[in-house]
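Colleague: My questions will all concern the structure given below.
The values are calculated or read from the model by the stated rules, or taken from the named source; none is laboratory data. Given the structure is predicted, the values throughout are model-derived calculations rather than measurements. All Cβ positions, even for glycine, are placed from backbone atoms using ideal geometry, and neighbour counts span all protein chains on display. Just so you know, the surface numbers come from the protein's heavy atoms only, side chains and all, with ligands and any DNA or RNA stripped out. Shrake-Rupley method; radii C 1.70, N 1.55, O 1.52, S 1.80 Å.
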Amino acid sequence: MDTVTVVPPVGGRVPYAGLEKARAGTVFVPAREDGAGPAGASALATPPENAVVVGGADPAEVDGAERPWEACPGASLSFARTWVEELGEPYGGDETVEELAYRLYQRGARFVAGPGRRSVTDVEAGFASVDRIPLAPSRRARPTRTWRVPFADVVVDTAGASAERVMETVDALLMGRTGDLRITLVGDWRRLGEGRHTTIDDPDLDPRLVREHYRCEGRVRFLEEIPERDPDVPFRLFLPVGVRPREDALERLFLICSERGHGLVVGDGGWRWERTVVFARARRAGVAESGIDALVRTYTVRDGELSEDVGLPRAEERRRLMEEASRRAARARAAAELWERRLWALTGGRWSRLLLGRRPL
């Protein structure tokens, strides 16, 4: 198995062009600013399958750690060359060693400690990585901010749903305590067009209202189909239209996965919260997509635990309520007419015109 070894350069950032060159060789050592290679840049031992060897790391910081990438700044990383193509190009074209380790982790890599020593890296490079590592503690302390790589992808299927129900669901997410989201509204948006259209009898009134409502919201996008999973985003939520998440719903989902070790959270109302790294490890182990749910540790939320009742009726229910209101109005009019005639008969018409302002119907 060909091995790529990454030794952190001075400045702490790994250029993607160097990783590209690693496809033709077995060892990648970024050059120092003075053009010389860093000392001790020999390749580490061949890593186990699907694993990353962290040179000079404390085993307690890496083996089975919740955030193993935090032990990687200044350390050498050794992993199979096949990872390079799977990683793809990072945001911005280069990345810190910590960012590289995080992306390997998100794709299912296991981290093990290996021999070696750490080098000193720039402190500024560590700050730069926060924008690309959603699970960094400093980012979780600012949950309402938005960053380059979001904390969670949310998918809402809007097909056939009323605008009111879509807005109730999506607005609750946007106004919650966790604002670091990327919300995808799935629907047939292409047929709406941008030209003139009718208003009252517009058959596409609901999706048109939804699109206009979120046109300038940077966290909402409109797609025709469910997007492919973004491996850099740690969580993905499928949320049905018609539920209103509580303001702390995503915080609770995160704690269920991080503290209880669950990889999937489902709800009776159609909730589905997936932890990306768990599904990546299952696929890397050869499990078919259709069989992952049966193997992943799953937690089921109770009704009302994460959401509130929206209280908005569906289209069929709205029609039924309107018909019932019309029947009640008709009965009220009939009763009023009856009392008018009775008043006319009792007073002989002397006071009815004064009281009613007109002759009875």
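Colleague: Going by amide H atoms built from the backbone, whose H comes under 5 Å of the H on TRP271, apart from near neighbours?
Modeller: Residues meeting the amide H criterion: none.
Colleague: Could you give me the ³J(HN,Hα) list for the stretch 138-153, computed from phi with Karplus coefficients 6.51, -1.76, 1.60 and θ = phi - 60°, whole Hz, x at Gly and Pro?
Modeller: In residue order, the calculated couplings are 5, 7, 5, 6, 10, x, 8, 7, 10, 9, 5, 9, x, 6, 8, 9 Hz.
Colleague: Okay, moving on. What is the set of long-range amide H partners of ILE183 at a cut-off below 5 Å, with H atoms built 1.01 Å from backbone N?
Modeller: Distant-sequence amide H within range of ILE183: VAL154, VAL220, ARG221.
Colleague: Where a ≥ b ≥ c are the square roots of the eigenvalues of the C-alpha gyration tensor, would you call the stretch 218-262 rounded, which needs a/c under 1.5, or, failing that, prolate if a/b is larger than b/c, or oblate?
Modeller: Verdict is oblate for the stretch 218-262.
Colleague: Could you sort the peptides 139-148, 241-250, 98-107 by per-residue average Cβ neighbour count (10 Å cutoff), highest mean leading?
Modeller: Highest-to-lowest ranking by the protection proxy: 98-107, 241-250, 139-148.
Colleague: What does the C-alpha gyration tensor say about the overall shape of the stretch 175-280? Classify as rounded when a/c is under 1.5, otherwise prolate if a/b is larger than b/c, or oblate.
Modeller: It comes out prolate by the Cα gyration axes.
Colleague: Using a 1.4 angstrom probe on heavy atoms only, work out the carbon and sulfur share of the accessible area of the stretch 187-294 in %.
Modeller: On the stretch 187-294, the fraction of accessible area on carbon and sulfur atoms equals 50 percent.
Colleague: Taking amide H positions as placed 1.01 Å from N in the peptide plane, with prolines and chain starts having none, which residues 5 or more places from LEU135, or on another chain, fall under 5 Å of its amide H?
Modeller: When sequence neighbours closer than 5 places are left aside, there are no close amide H contacts.
Colleague: Work out from phi, with θ = phi - 60° and the Karplus expression 6.51 cos²θ - 1.76 cosθ + 1.60, the ³J(HN,Hα) of each residue of the stretch 205-222, listed in order in whole Hz, and give x for Gly and Pro.
Modeller: Computed from phi, the couplings for the stretch 205-222 are 4, 4, x, 5, 5, 5, 5, 5, 5, 10, 4, 9, 8, x, 8, 10, 10, 10 Hz.
Colleague: Order the peptides 76-83, 156-163, 255-262 from the highest to the lowest mean number of other Cβ atoms within 10 Å of their residues.
Modeller: 76-83, 156-163, 255-262
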